[in-house]
Amino acid sequence: MAPLKLQAAMDRAERDLSKHGIDLDHYIRSFKSSSWRHELEQEECWTVELFIRELKGILTQHNGREAKEAKRRILRTVFDHRNVYAEHLDQERVHRALRGLLRLMPGYLLGDPRLSRILWRTTAHGGGASADTVGNSITISRGRWLTAELVHEFGHHIDARNHSLSMRIRGWTRDRVKAAGGSKSLERRRYGLCAVAGFYDTYVGRCYNRSSCRGFFETIPMGLEPLFNTRRMFFIIKRDPEHFLLTWALCRGLFR
């Protein structure tokens, strides 16, 4: 059971979805696939894509003047030579992916000025992207990367710049891990220690410091990713609707 304040936020999220005509239980019941290795049926893909489209339509409705200005400042960093420490950075593509995320974000998450001073870097090694919230940077592969990966890394910066809120959400992750058996639920996976605690993906429970809730940094990034990844959206609402509701509450400003 989630702490009372978080549970109240999730209850508000469920009511908010219902108000907009979205029945989460209906979507969950309609899906057949369960394994990551199982290819989603075409009908399931269409259903999830429609679901994502509906969510994005709702999330783009909360753009006040201050929120728009904050988003403009953040987007300018992609083309600002003072912020781009990179060769071969596809600025247009990064700008397009980041704009797609920011359209869905409420202004209250974007107020920290450090978000408009993120340093953009590239690497020739591997694929994907990575975030450094201490150095306030995002590094993107010069090769292949997905929009969902950039969204994930920017999610780390949202987590880091909204400390009070993120600590409550990390606490939810920690409590899930404790309920599953504490340190006994942590298994060494490809990326280090991860928790097997009913998350839609074990990476949600990646533990950087098992001594406190400060060690769980992946809940917000892994909650935002499904908005840009059909497969992840399928599994978060099927396997862990609580995490989905927590993310919806975050995006809709339903925490009090």
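Tabulated results
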item	result
The stretch 134-185 - convex hull of the alpha-carbon atoms, volume per residue in Å³	122 Å³
Distance (nanometres) between label positions extended 7 Å along Cα→Cβ at A8 and R114	2.9 nm
Principal axis box of the chain, alpha-carbon based, largest edge first, Å	48, 41, 39
Cβ-based exposure ranking for L6, L246, in which fewest neighbours within 10 Å come first	L6, L246
Lys pairs under 24 Å by Cα in the chain, provided they are eight or more residues apart or on distinct chains	10
Spin-label pair A124/R188, simplified geometry with 7 Å Cα→Cβ offset, distance in nm	3.3 nm
Prolate/oblate/rounded label for the stretch 10-125 (Cα gyration tensor, a/c 1.5)	oblate
Helix-derived mean residue ellipticity, 222 nm - over the chain, DSSP H n ≥ 4, -39500 (n - 2.57), to 500	-15500 deg cm²/dmol
Whole-angstrom Cα spans of the stretch 62-161 along principal axes, big to small	39, 23, 23
Of the DSSP H helices in the chain, those whose Cα atoms cover at least 20 Å axially and whose Kyte score averages -0.5 or more	42-59, 147-161
Percentage relative contact order, the stretch 54-211, counting C-alpha pairs under 8 Å, at least six apart	16 percent
Alpha-carbon centroid distance for the pair the stretch 46-101 / the stretch 166-189, whole angstrom	31 Å
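No lab work stands behind these numbers, since they all come straight from the coordinates. The structure presented is a predicted model; accordingly, all values stated were derived computationally and were not measured. Backbone-built Cβ (ideal geometry, glycine too); neighbour counts: all protein chains shown.
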